[in-house]
Structure formats: C-alpha cells, structure tokens
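Colleague: Before I ask anything, let me first share the structure, which is written out below as structure tokens.
The values are calculated or read from the model by the stated rules, or taken from the named source; none is laboratory data. Computed from a predicted model, the values in this text were never measured in an experiment. Note that each Cβ is placed from the backbone with ideal geometry, even for glycine, and that neighbours are counted across all protein chains shown. SASA here: full protein model, heavy atoms, side chains in, ligands and nucleic acids out. Shrake-Rupley method; radii C 1.70, N 1.55, O 1.52, S 1.80 Å.
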Amino acid sequence: MNRSVRAKGGAVLVALVMLAVMSSRASPGFPLAEVPKAVGKTIAKALGAKPGAPARPNGTGQRGASSFALADIPRRYLGFYADAATACRGLTWQVLAAIGKVESDHGRSSAPGVRSGVNRFGCCAGPMQFNIRNGRPSTWDTWGTGVVAQVYDPAHAVPAAARKLCGDGLSQPQRIRQDPCPHVVGSPALHVALKRYNNACWYVHEVVTLAGRYTSSVPPLAPSRDPFVRALARNKRITTTTSHGCDPRTDLVSGKLDLRVQSLLAVIAERHTIRLSCLRTGHSRFVKGTTRVSNHTVWRAVDIDVVDGRPVSRSSVPARTLVVWLDGLQGPLRPSEIGSPFEIGRRPYFSDEGHQGHVHVGYRFEG
C-alpha cells in the first residue's frame, strides 16, 4: 500500500514538473499562463521547499566559493544563494548567484524595478527580476509567495528562483532530449532551465560563465576555448577591419571581452551585418582629451563602422536604426554609453567629432 502511494505521488510530481516545463515562457518576465498557481506550490512542496518561508543565511555559502565570489557577492546574498540551492539536487548556489549578478548585481543595481516598482518593460521586479504584472498567475505567483512586497526581498526572491529553475528542468534532467544552446558549456537541463528564465542563449552563456568564475573547485575554461566565443568569432555577420589602427579580430577570438559586449554582438548579429573597427587592441588608453580610462582599455566597449554594408555616417539609415534600437535594450545588455553621428539628446547617447564615422557602445564597471 505504501509503495503504491509513493509510486502514485512520484507520478503526480513528474506530471506537474513536465506541465510547468512545457508551459514556462521566456523568463520571470513572462507568465505561466496555462499553469495554475497551485502547480508551482505543489512542486515546491514535493521538493521540500517552502514558498512562504524566507531563507535565513547561515554562512555556508563560502563552501566552494572562489576568491572572485567572496569579493563580489555580499555576504548576506551568499548565504541566501547557498541555502536556496539545497532545495534542488541539480542546482548549485553558483548558478543562483550568477543569475543574481546578471539581473541586479546582487541587489546593488539602481535600475528601475530592483528595489521598488517594475523594470522598464513594466513587468518585472526584485533582485531576481520576477514577473509581478502579467498573469494570472504571474511567475511570482507561481514560484514566489504571491505577496508583491516580498519580491524585493532576497530572502524570498532567491528561493523562488531556485524553485523555478528546479521546476523548469533541473529536477528531471533525464527528460531533456535537446540542448537549446549547444554552443554554451554545461548540461542540456541547465540550459533549458536558464533559457526559460530568460529566452536567450547569450543569457545562458553569461550565467554559466559567471557561475564558473564563482566556483573554486573547477578549473576555469580558457576564454579562447569557450564554444560561445568560437561561434561568435565564426559568425559571418560579424567582420573586422584594421584600417582604424585597431585589431578587433584578435580581441574577438581571445575571449577576453566583457560578457556584456560578447552578448551584445551576438544579439546585434541577429538583426544586422556589422563590421567591428575597434575593441581593445590599438585603442588609446584614455578617452580623447581627458584622463579618464576608456572602456575599450578594460574590454568593455566596441566600435562599429559599417552596418548592413553601409559606412556609419549621419546619412546612414541602418546605423541610425541600430543606434535607436540600442536604447531599447534593458537589463544586463543596456549600454552605459552610446556614441554616434546622431544627436539624440539624452543619456546614454552622445555625439562629438570623434564619433562621426562609427557607433561606440560601452559598459560601466559593475561590482
């Protein structure tokens, strides 16, 4: 009798997990429209998690943490990540921490929606960026507590992210038949779960790479051997030129570019063909006319001088289309600076004599 009950309970759990996996959308910014709120709660309960109970950091997060992790992650958040990851056998705290880094810099970001309100898309909130507007139920209703005020509290948001990842594939890795991001290091189950958190392989790559940097027990992958970097370097929609005194090809294949620059190039290449005129090598150390260190110097900027076959200039329609589109980027891909020939008149845009023949995109330091 007990065996029969256990077998039935296991079958129900599998069915619920698969229902959640099939119905999940791109990210916490998208609702589980066809899945009732009770599904997430039932899965969480079956996995031993308690959606309504906040996590209590216990200091165990330092286990397996690299020196980079200890320097970058606030101690309080480190505890939340470590505790929440124990709810799912296939999840590591480093993956949760990497999501927290990408989504909100561990709650330190000043972007809309991190500490109050919603993001620029008008849907998501908190350090782990859960959907609180679209639903019913929203992803916060399904995997979180359903109490809007608690989405901003990492004690509630981090465990909710763990439950979502577990329900979106990590709890049943053997059932994942196809890898949605074959050019990214890691298991198909992890890729599926992360892609359901944010529907983009560049996002999966950022999280997996950061998780590796947060881990002390795993030798880091040589950047130039990263399959994502190799695929980016082979992308026929991205070409390079040395005519401006830089060597962007060497920089691109090195794998040393900031993850945001790598991701941005992958996304732009889905929309345009581009030619890179400068990344790091050959660029001046300082911003022209100042003593401020250029983002190019620290691998956080890219210059593009040709868009869709047309040189960048004030009369180039493709270049202007690209520049306007850049301002619509949100989250980790949103640039800190966009230089071009076009007088847009607001941040992060600027235009001067040094940026009449190319589009410059740069990112500020985070951490």
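Colleague: Determine the alpha carbon to alpha carbon distance for each of Lys101/Lys256; Lys101/Lys236; Lys236/Lys288; Lys195/Lys256 and list only those over 22 Å.
Modeller: Too far apart for the 22 Å limit: Lys101/Lys236; Lys236/Lys288; Lys195/Lys256.
Colleague: Residue separation times 0.36 nm, minus the C-alpha to C-alpha distance between Ser315 and Val293: what's the value?
Modeller: That pair, Ser315 and Val293, stretches by 4.9 nm at full extension.
Colleague: Follow-up. Applying a 10 Å radius around every beta-carbon, put 208-216, 78-86, 65-73 in order of their mean neighbour count, most first. Spell out each step's value before the answer.
Modeller: Details: 208-216: 21.3, 78-86: 25.1, 65-73: 17.2.
Most protected by this proxy first, the peptides run 78-86, 208-216, 65-73.
Colleague: Could I ask something else about it? Using 0.36 nm per residue of separation minus the Cα-Cα distance, give me the extension gain between Ser187 and Arg364 in nm, one decimal.
Modeller: Residue separation times 0.36 nm, minus the Cα-Cα distance, leaves 60.6 nm.
Colleague: Sorted by average packing, counted as other Cβ atoms within 10 angstrom per residue and highest first, what order do 88-99, 303-314, 111-122, 283-294 take?
Modeller: 88-99, 303-314, 111-122, 283-294
Colleague: Can you run phi through the Karplus equation (6.51, -1.76, 1.60; θ = phi - 60°) for region 288-293 and list ³J(HN,Hα) in whole Hz, with x for Gly and Pro?
Modeller: 3, x, 9, 10, 8, 5
Colleague: Here's another thing I want to ask about it. Could you tell me what percent of the accessible area of region 321-364 is made up of carbon and sulfur, with a 1.4 Å probe and every protein chain present?
Modeller: Carbon-and-sulfur percentage of accessible area, whole number: 47.
Colleague: Here's something else I'd like to know. Would you give the gap between the C-alpha center of region 179-206 and the C-alpha center of region 290-313, rounded to a whole Å?
Modeller: Going from one Cα centre to the other spans 28 Å.
Colleague: Looking only at region 213-241, which residues have a backbone nitrogen under 12 Å from a spot 7 Å from the Cα of Lys256 in the C-beta direction?
Modeller: 223-224
Colleague: Let me ask something else. Taking θ as phi - 60°, what are the ³J(HN,Hα) couplings along region 190-197 by the Karplus curve (6.51, -1.76, 1.60), each to the nearest whole Hz, with x for Gly and Pro?
Modeller: 5, 4, 4, 4, 6, 5, 7, 6
Colleague: Follow-up. What are the ³J(HN,Hα) values, in whole Hz, obtained from phi via the Karplus relation 6.51 cos²θ - 1.76 cosθ + 1.60 with θ = phi - 60°, for each residue of region 218-223 in sequence order, with x given for Gly and Pro?
Modeller: The phi angles translate into 10, x, x, 6, 4, x Hz.
Colleague: For Tyr349, enumerate residues with amide H under 5 Å from its amide H, sequence gap 5+ or separate chain, H modeled in the peptide plane.
Modeller: HN-HN under 5 Å from Tyr349: Ile338.
Colleague: Please work out the FRET efficiency for the pair Ala111 and Phe286, using the Cβ-Cβ distance as r and a Förster radius of 35 Å; give the result to the nearest 0.05.
Modeller: Plugging the Cβ-Cβ distance into 1/(1 + (r/R0)^6) gives 0.80.
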